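Some notes on the structure that comes next.
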Amino acid sequence: MADVDRKTFMRDVYADYWLQARDKKYGFMDYDRRLCELVESESKPEARLLEVAIGTGYPIAGFLARAGHKVHGIDISPALIERCRELNPGIEASVGDAENLAFDDGTFDAVYCFHSTWYFPDLPRVIDEMLRVTREGGAVLFDIQNRSHPAIAADYERRLRQIRPGVGPRLVLQARNVAKVVLRRGNPNWHAVNYEVPTDPQAVTDHLRQSPAVQNFSVLARNESDQSLARIDDHCTFPHYPRLIFVARR
Ligand SMILES: C[S@@+](CC[C@H](N)C(=O)[O-])C[C@H]1O[C@@H](n2cnc3c(N)ncnc32)[C@H](O)[C@@H]1O
């Protein structure tokens, strides 16, 4: 599927699912709390923050705004941005593409992006954009679905096998998904679209190491039993963790 179609899918189809799912299916998870704490630990009080792919702003941006930070957010979906504005009048939310952030260089104290990097067709470009709009000394934080984790890799392979039938059947499935969402009848077959792509952590570390905008960075892993985050220095252990969090200092 061409990248432009992947973005269209996220904007027009996935957004309808996420309008309901974030609140009703996931809620404010322990992992979200840990991510909020991490953003706060990396930024000063009343910091100017940007959430890339903010969704409805619930729960992370809302929490950080209530904690006194000046929160901005962008998302590719107009429907999610509209809901974000309704829920969080204090957040400056606008429609935008993570690959082309409409902000000047060095605008923010910290820029973060959670639960979303696997939807971007060009993650290195998004990382560069997040670094560009962060001030010197500020922080960029994001998590990845770890493609080197065996279960994540197997899941991805399974999804690819389901997608492989060819372009024609895939387009039919995608059209059916759109119809189901629009008519609110039946469950869409999300696996028909290759919209969710886990990330090779080594590629991210290489990218950050080579970036002239990065002073240093660390990698944290999510503990699957209590959702706590711990720094990992031995990158050979990457395959043990389904979810990794990168914190880069500009
Ligand atoms: C799983 S949701 C996560 C939303 C939010 N970060 C949260 O934690 O609730 C993924 C979000 O990525 C957004 N998204 C996908 N591709 C995007 C892009 N290219 N630019 C901006 N937002 C994008 C979707 O619209 C959706 O809101």
Query raised in the report: Setting aside same-chain residues fewer than 8 positions from Lys25, which aspartates and glutamates have a Cα under 15 Å from its Cα?
Result: Asp16
Requested in this report: List the residues whose amide H sits under 5 Å from the amide H of Thr134, counting only those 5 or more places along or on another chain, with H placed 1.01 Å from N in the peptide plane.
Outcome: Gly106, Thr107, Phe108
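Quick one: net charge of Ala93's neighbours, Cβ under 12 Å, K/R +1, D/E -1? All intermediate terms of the calculation are to be shown ahead of the outcome.
Working: positive: Arg83, Arg85; negative: Glu51, Asp75, Glu82, Glu86, Glu92.
Residues near Ala93 contribute -3 overall.
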Query - Under the Karplus curve 6.51 cos²θ - 1.76 cosθ + 1.60, θ = phi - 60°, whole-Hz ³J(HN,Hα) for the range 228-244, x wherever Gly or Pro sits - result: 6, 10, 9, 5, 10, 9, 8, 5, 5, 8, 3, x, 7, 10, x, 10, 10
Query raised in the report: Amide H to amide H, which residues 5 or more places from Leu101 or on other chains are under 5 Å from it, using H placed in the peptide plane?
Result: none
**Report entry** Rounded, prolate or oblate (a/c below 1.5 giving rounded, otherwise prolate when a/b exceeds b/c) for the range 121-167 by Cα gyration tensor
**Finding:** oblate
Report task. Quick one: work out the % antiparallel among DSSP beta bridges in the chain, nearest 5. Result -> 50 percent
Requested in this report: Rank the residues Asp104, Asp32 as a footprinting-exposure proxy: fewest other Cβ atoms within 10 Å of their Cβ go first.
Outcome: Asp104, Asp32
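Using only alpha carbon pairs under 8 Å that are at least six residues apart, calculate the relative contact order of the range 1-116 and give it in whole percent. All intermediate terms of the calculation are to be shown ahead of the outcome.
Details: 165 pairs, mean separation 32.9, N = 116.
Contact order relative to length: 28 percent.
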Query - Cα shape, the range 20-85, gyration tensor, a/c 1.5 rule - result: oblate
**Report entry** Residue exposure sequence - Cys113, Cys236, Cys36 - by fewest surrounding Cβ within 10 Å
**Finding:** Cys236, Cys36, Cys113
Query raised in the report: What is the set of long-range amide H partners of Gln145 at a cut-off below 5 Å, with H atoms built 1.01 Å from backbone N?
Result: Trp118, Thr199
**Report entry** Under Karplus coefficients 6.51, -1.76 and 1.60, residue-wise ³J(HN,Hα) of the range 37-49 in Hz, glycine/proline x
**Finding:** 4, 5, 4, 5, 5, 9, 9, 7, x, 6, 6, 8, 10
Report summary line: Relative contact order as a percentage, the chain, C-alpha pairs under 8 Å and 6+ apart, gives 19 percent
Report summary line: To the nearest 0.05, the calculated FRET efficiency linking Ala21 and Glu82 through their beta-carbon distance, R0 being 22 Å, is 0.85
Report summary line: The ³J(HN,Hα) series, computed from each phi in the range 78-84 with the Karplus coefficients 6.51, -1.76 and 1.60 at θ = phi - 60°, rounded to the nearest Hz and given as x for glycine or proline, is x, 5, 5, 5, 4, 5, 4
Report summary line: Taking Cα atoms, the helix 150-163 axis meets the longest principal axis of the chain at an angle in degrees (rounded to 10) of 40 degrees
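Values in this text are rule-based calculations from the coordinates and carry no lab data. All values reported here derive from a predicted model rather than from experimental measurement. Here the Cβ is made from the backbone with ideal geometry for all residues, glycine too, and neighbour counts use every protein chain on show.
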